[in-house]
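Before any comments, here is the structure.
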Amino acid sequence: MCGIVGYIGKTKAVDFVVDGLQSLEYRGYDSAGVSTIIDGQAVTTKQVGRVDALRVELESLSINKTAVAVGHTRWATHGIPSVNNAHPHFNSDKTIFVVHNGIIENYQELRTMLQSKGYSFVSETDTEVIPHLIDLNLKTEKSFQKAFEKTIEELDGAYAISALHVSEPDSLYVARLSSPLVIGVGDGEHFLASDATAIMDRTKKVIYLDDYEVAHITPDGLKIHNIRDAVQVQKEAELLDYDAEKAALGDYPNFMLKEIHEAPQTIQSAIRGRIKPEANTVKLGGLDNVMEQLQFIDRIVIVACGTSYYAGLVGEYLIEEIAGIPVEVQLASEFKYRNEPFSRSTALLAISQSGETADTIAALKKVESYGVLRLGIVNAVGSTIARMTDAGVYCHAGPEQSVASTKAFIAQVTVLTEIALNLSEGRTPLYKPLMKELQALPDKVKQIFESDGDIEKLAHKYKDYVDFLFIGRKYGYPCALEGALKLKEISYIHAEGYSAGEMKHGPLAMIDKQFPTFAIATDGELLEKTVSNIEEIRARKGKVVAIATQGNKSVAKVAGDVIYIPETLEQTQPLLIAIVMQLFSYHVAMAKGHNVDRPRNLAKSVTVE
Ligand code: G6P
């Protein structure tokens with residue numbers, strides 16, 4: 001959470017930083033700020049709210065020639081969104097400026113120590129200890145670099161930090177531990193950002209900082225020092241190996257709707273070159289180098305958070321049914337603190353859209369010394385998880401901007417289906433039919449878009465309820481969990497996802513005419529059982545919106561409202577069900593007047609615990 005952008009070079013540093021912050025707003029949007037040096041004087045501007053507000057203020061200052069700047073967009077952890085709590089933070093003399101992403105766990109202790117030495121604080125943040133600590137260390141260290149490094153060594157927690165010193169306008173200092181930071185290499189200029197999307201317009205040459213690395217960046221060069229191992233590190237710039245287009249809204253009113261509508265091409269991109277029904281193969285290039293090791297895997301533990309976790313649950317059903325390998329799915333935040341037996345023949349599979357989620361990274365780190373295979377399903381190319389796993393499959397869904405994940409879920413489930421097929425080595429009777437069906441899905445998704453008007457009408461009908469239950473069985477069960485998450489994330493309606501089979505074990509007690517249910521009742525071996533659940537709900541005056549398969553007659557007889565999806569295999573139903581639920585939540589949230597792309601209190605990339 002929080003986005004960092006920096007620039008050092010020729011000119012227009014502030015313009016670059018503000019544009020970069022805008023593209024990192026998905027990481028946080030409580031407040032934004034920028035510091036620069038003009039003619040030896042530091043200038044800092046901060047605004048509560050979106051980057052647009054900062055841009056307007058900066059325009060009024062007519063800042064033209066700036067060769068260095070650091071900026072930040074914040075997701076509040078310590079202290080409310082306010083100008084004082086916004087970054088950059090500075091020392092009392094306003095000579096040192098710091099932006100930070102992450103959490104300084106020992107900040108209370110440091111703050112007390114600094115206060116005892118006469119330092120006073122203007123914010124409630126953990127970050128503000130950093131400029132003061134650098135200031136203190138400057139009194140004993142020979143250079144700013146040494147004072148910066150000493151400060152970094154004194155911090156506990158997770159961080160990406162960049163600092164500016166007014167007397168060194170040709171230097172930018174950065175450090176990283178468990179928070180992403182990428183340096184773009186230009187011609188006589190360097191760019192800095194929490195993720196490559198903020199710099200890829202200007203350069204494709206990038207250097208990723210690793211944990212414990214501190215870099216001193218000047219317009220023409222950079223020196224990296226690993227402070228844990230006390231060694232200088234030489235790194236060659238890597239070429240960003242994708243032509244990532246910056247997400248642009250086009251004619252859509254917001255990114256969420258645009259990204260939902262990208263589902264057909266998302267599926268297409270996830271299967272392109274991988275699914276080959278003519279040759280009867282499912283080829284995943286990203287797993288090539290571990291194919292041999294995969295033969296010895298007898299269990300897979302999937303770790304993920306949020307929507308990626310629910311994609312993982314769909315993956316559990318898929319891999320077990322198709323490849324016959326036992327799968328366990330764990331929330332990364334639980335997995336990392338759990339003491340469980342873990343054999344060498346278990347592979348850990350991390351699923352993450354951003355590739356930067358702190359808990360998922362921590363789960364991968366936990367098994368670092370176990371000698372187990374670490375795999376990834378990641379969307380963001382070059383992200384931390386993509387780089388720390390032994391092998392993996394990219395989603396190729398393109399940048400996802402809206403906080404609530406939509407097309408990434410579609411891509412993750414598609415990739416999981418491919419992994420299941422690949423691991424089955426063709427031994428499942430579903431091999432060919434599934435390959436064929438994956439190819440047919442983009443058109444089926446388009447058919448759902450044709451009924452969007454009906455989904456919108458239903459959303460308007462149900463928008464004022466304050467509670468919602470989502471139920472499903474088998475593949476529909478993780479879909480119910482994801483549907484409930486989607487609704488609560490953007491409409492703020494309380495929603496719970498349950499297995500339909502659990503209704504009599506508790507949830508049925510909540511049902512009355514004020515507590516509607518969204519029932520996933522698509523064709524499959526358990527449909528009759530779900531229909532019975534719907535009847536039981538209706539018998540208690542509960543309203544039901546159901547998703548059923550086109551051509552089905554039984555569901556409409558019991559459910560009050562029905563949305564139909566095209567006929568598909570049970571294993572691919574989640575991909576179609578998800579689209580309906582995404583559209584339903586979207587329309588409810590829009591009808592309630594919410595900002596669907598930037599829901600309150602959330603951020604797209606959760607880079608702190
Ligand atoms: C946040 C986002 C969710 C996302 C989750 C996991 O909560 O708002 O949309 O599913 O993080 O993120 P990841 O990038 O690891 O998939």
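The values are calculated or read from the model by the stated rules, or taken from the named source; none is laboratory data. Bear in mind the structure is a predicted one, so any value in this text is a computation, not a measurement. FYI the Cβ positions are ideal-geometry reconstructions off the backbone, even for glycines, and counts take in every protein chain you see. All accessible areas refer to the heavy atoms of the entire protein, side chains included, with ligands and DNA or RNA removed. Shrake-Rupley method; radii C 1.70, N 1.55, O 1.52, S 1.80 Å.
Note on segment 3-242: Rg/Rh from C-alpha atoms, Kirkwood Rh, equals 0.93.
Using only Cα atoms, tell me the angle between helix 107-116 and the longest principal axis of the chain; keep it within 0 to 90° and round to the nearest 10. Orientation of helix 107-116: about 20 degrees from the principal axis. Rounded to the nearest 20, the size of the Cβ-charge dipole of the chain about its Cα centre is 880 debye, with Lys and Arg at +1 and Asp and Glu at -1. Each principal axis of the Cα cloud of segment 283-328 was evaluated for its coordinate range; sorted largest first, these ranges are 31, 21, 16 Å.
Over the Cα atoms of segment 270-428, the radius of gyration divided by the Kirkwood radius equals 0.93; this is the Rg/Rh ratio.
Sparsely packed loop sites in segment 187-241 (the GluC sites (Glu not before Pro) outside DSSP H, G, I, E and B with at most 11 other Cβ atoms within 10 Å) comprise Glu236.
Across the alpha-carbon atoms of segment 427-571, the computed radius of gyration and Dmax are 15.4, 49 angstrom.
Taking each pair of distinct Cα atoms in the chain once, what is the resulting Kirkwood hydrodynamic radius in Å? Over the chain, the inverse of the mean reciprocal pair distance is 25.4 Å.
For the chain, the fraction of 1.4 Å probe accessible surface lying on carbon and sulfur atoms is 48 percent. Against the chain, whose longest principal axis is taken from its Cα atoms, helix 144-154 shows a tilt of about 50°. Structure shown: which of Lys457/Lys553; Lys235/Lys365; Lys46/Lys258; Lys543/Lys592; Lys474/Lys557 lie over 26 Å apart, alpha-carbon to alpha-carbon? From Lys457/Lys553; Lys235/Lys365; Lys46/Lys258; Lys543/Lys592; Lys474/Lys557, over 26 Å: Lys46/Lys258. A 1.4 Å probe run over the chain, with the rest of the protein chains in place, finds 38 Å² accessible per residue.
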